[in-house]
Amino acid sequence: MPDAALAETTPAEPRAGTRHVDVLVIGAGISGISAGYYLQTQCPGKSYAILEAREAIGGTWDLFRYPGIRSDSDMYTLGYSFRPWRSEKSITDGPSILHYVRDTARDLGIDRKIHFGHRVVRASWSTADARWTVEAEVGAEKRIARFTANFLYMCSGYYDYEQGYMPGWPEMERFRGRIVHPQKWPEDLDYSGKRVVVIGSGATAVTLVPAMAETARHVTMLQRSPTYIVALPARDRIAQWLYRWLPARLAHGVARWKNVALTMYFYNFARWKPELTKKAILREAQKQLGADYDVKKHFTPDYNPWDQRLCLIPDADLFKAIRAGKVSVATDRIERFTETGLALRSGEQLEADIIVTATGLNLRMMGGVELAVDGAPVVLSKTLTYKGMMLSDVPNLALALGYTNASWTLKCELTSAYVCRLLNHMDARGHQWCVPRRPQAGIGEEPAITLTSGYIRRASDLLPKQGSRKPWRLHQNYALDMAALRFGAIDDGTMTFGRAGATTRAA
Ligand SMILES: Cc1cc2nc3c(=O)[nH]c(=O)nc-3n(C[C@H](O)[C@H](O)[C@H](O)COP(=O)(O)OP(=O)(O)OC[C@H]3O[C@@H](n4cnc5c(N)ncnc54)[C@H](O)[C@@H]3O)c2cc1C
């Protein structure tokens with residue numbers, strides 16, 4: 001539904017029918033809704049709108065519909081700081097997360113700001129006007145709707161919604177059963193009593209496998225190489241105790257900080273003492289799977305913990321399904337597809353009625369939007385991230401990018417709060433634009449995401465870089481980001497400010 005705050009074109013604007021807002025948010029997932037909350041509460045005088053390509057709120061949690069879909073981080077940190085998570089389960093199912101995000105949007109009136117079915121394709125910054133002109137394709141006929149905005153806030157996630165990653169294998173067309181990708185789960189897929197092979201052993205595979213094993217005849221998780229898998233209780237007893245004795249908001253806040261601290265502690269310990277951490281993870285897996293199980297072959301990666309994301313399994317569900325004989329793990333390579341399953345390099349044949357390719361996502365930054373600054377295209381891989389939330393030499397634009405080693409929402413909320421601080425700072429001083437200007441020299445470039453996971457390596461040429469020092473360096477650490485974004489100076493010598501017509505480039 002259109003928002004009343006969206007004024008029609010002012011006479012100074014070039015195109016009839018263009019609508020203007022102070023802040024235009026792209027995306028109505030977890031981070032877009034959090035952006036709405038911060039804009040409403042911390043910049044109440046600003047008009048804003050959210051453009052959402054799909055017809056629904058929730059992003060990831062609406063798109064993915066595969067069996068067992070759930071979070072793999074706790075909801076006290078994946079949930080919002082401003083809305084207590086009230087369900088008993090801390091690691092919870094996708095539909096509950098979706099309800100939580102939608103209820104938040106509805107209760108705070110953020111849903112009224114959303115324009116559904118608007119896929120943003122282009123955004124051009126003009127320094128002369130100090131504003132963005134944004135083009136969105138609307139509906140199946142792709143009619144172009146134009147918006148202008150003083151500030152653009154990209155909350156568009158990090159992967160391609162159209163297509164998941166699907167490597168090709170020889171002779172796939174020969175397989176007579178069904179091949180399914182988790183990103184496009186068919187509603188009618190009946191797998192009860194069927195033999196299922198799930199290719200992959202990342203977060204999606206370890207979620208899907210025990211869930212499908214509940215009714216399938218047998219599920220095989222086929223992996224090229226193992227992943228670190230850590231079992232945690234789905235319920236957080238300490239949080240439940242806090243909720244019993246404290247007001248919900250306070251209990252939520254304490255549980256959130258507890259989990260922030262624990263996550264940071266375990267991450268830093270794992271990076272400091274990788275061998276010790278590795279031994280502890282493998283010992284626990286062996287305990288869960290029994291002394292005879294070949295943990296070395298199936299659950300021992302050849303990298304250190306947190307070189308790639310760890311996979312979390314609630315209440316050890318995957319290990320339990322393996323022990324019960326409903327699931328087996330094959331660590332091997334696919335030679336080719338056959339009519340009835342897969343031929344593996346070892347010579348083994350896996351018979352299957354259904355093959356699920358849990359092979360991951362295609363990374364896609366900035367929702368695939370073509371960006372230009374004063375007519376020059378922005379090449380993302382040539383930009384540096386500033387405080388992990390803006391791009392070098394791109395004015396009045398922020399992006400919500402979460403952590404790879406903690407809950408996404410933690411960083412997105414810090415970013416939203418910082419955007420509001422920045423906007424208020426600019427208003428107070430009469431600035432119309434701000435741009436983090438990249439120094440001419442003396443700064444090294446590094447990949448923005450240091451994980452070695454396949455989906456990151458595949459997209460490394462498309463991602464912005466991080467710099468070798470502050471404020472261009474990504475912390476992946478909530479406490480340090482909080483210091484930088486909540487309390488750090490806005491006018492820090494790197495951020496440059498000006499008014500319409502003045503150049504955003506260094507003289
Ligand atoms: C299966 C799965 C499980 C996950 N589990 C966890 C977890 O447990 N913990 C965790 O921290 N993270 C997890 N993640 C990461 C997860 O994506 C984030 O936690 C979070 O949901 C991202 O929210 P977001 O709003 O930033 O992005 P998204 O959820 O991706 O939402 C982006 C929105 O922007 C819209 N959009 C994109 N491009 C455009 C465009 N050009 N124009 C208009 N609209 C556009 C999309 O349609 C979408 O609605 C998971 C990811 C996946 C895929």
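Odds and ends about this structure:
- Counted residues, the stretch 179-198 - those being under 16 Å from Thr359 (Cβ atoms) and more than 16 Å from the ligand (Cβ to nearest atom): 3
- Conditions (1) touching a Ser or Thr at 6+ places or on another chain (Cβ under 6 Å); (2) within 12 Å of the ligand (Cβ to nearest atom); (3) charged (D, E, K, R); number of the one not met by Arg83: (2)
- Criterion: open to solvent by 50 Å² or more (accessible area, probe 1.4 Å), modelled with pLDDT under 95, closer than 17 Å to Ala203 by Cα and out of contact with any Lys or Arg (no Cβ under 8 Å at 6 or more places or on another chain) - qualifying residue of Arg309, Arg364: Arg309
- Residue in the stretch 55-78 that is among the hydrophobic types (A, V, I, L, M, F, W, C), without any contact (Cβ under 8 Å) to a residue 40 or more places away in the chain, open to solvent by 10 Å² or more (accessible area, probe 1.4 Å) and more than 8 Å from the ligand (Cβ to nearest atom) present: no
- For the stretch 28-54, the set of residues classified as surrounded by fewer than 21 Cβ atoms within 10 Å (Cβ to Cβ) and among the β-branched types (Val, Ile, Thr) consists of Thr41 only.
- Any hit, the stretch 141-158, residues being in a loop (DSSP other than H, G, I, E, B) and more than 13 Å from the ligand (Cβ to nearest atom): yes
- Which numbered condition Asp427 fails, given (1) closer than 20 Å to Phe487 by Cα; (2) in contact with a Ser or Thr (Cβ under 9 Å, 6 or more places away or on another chain): (2)
- The stretch 79-95: number of residues that are surrounded by 16 or more Cβ atoms within 10 Å (Cβ to Cβ) and more than 17 Å from the chain's Cα centre (by Cα): 6
- Any hit, the stretch 273-291, residues being assigned to a loop (DSSP other than H, G, I, E, B), more than 14 Å from Leu410 (Cα to Cα) and touching a residue at least 12 places away in the same chain (Cβ under 8 Å): yes
- Taken as a whole, the structure places Tyr165 among residues that are in a loop (DSSP other than H, G, I, E, B) and in contact with a Ser or Thr (Cβ under 9 Å, 6 or more places away or on another chain).
- Strands (runs of 3 or more DSSP E) fully within the stretch 186-262 counting 2 or more residues that are basic (Lys, Arg) and surrounded by 15 or more Cβ atoms within 10 Å (Cβ to Cβ): none
- Qualifying strands (runs of 3 or more DSSP E) (wholly inside the stretch 392-492; at least 2 residues being within 16 Å of the ligand (Cβ to nearest atom) and either of a type in the set (S, T, N, Q) or open to solvent by less than 10 Å² (accessible area, probe 1.4 Å) (or both)): 397-399
- Conditions (1) buried (at least 21 other Cβ atoms within 10 Å of the Cβ); (2) at pLDDT 95 or above; (3) not aromatic (Phe, Trp, Tyr); number of the one not met by Glu351: (1)
The values are calculated or read from the model by the stated rules, or taken from the named source; none is laboratory data. Small disclaimer: the values here were computed from a predicted structure and weren't measured. In this analysis, Cβ positions are derived from the backbone assuming ideal geometry, glycine residues included, and neighbour counts consider all displayed protein chains. Side chains included, ligands, DNA and RNA excluded: accessible areas come from the protein's heavy atoms. Shrake-Rupley method; radii C 1.70, N 1.55, O 1.52, S 1.80 Å.
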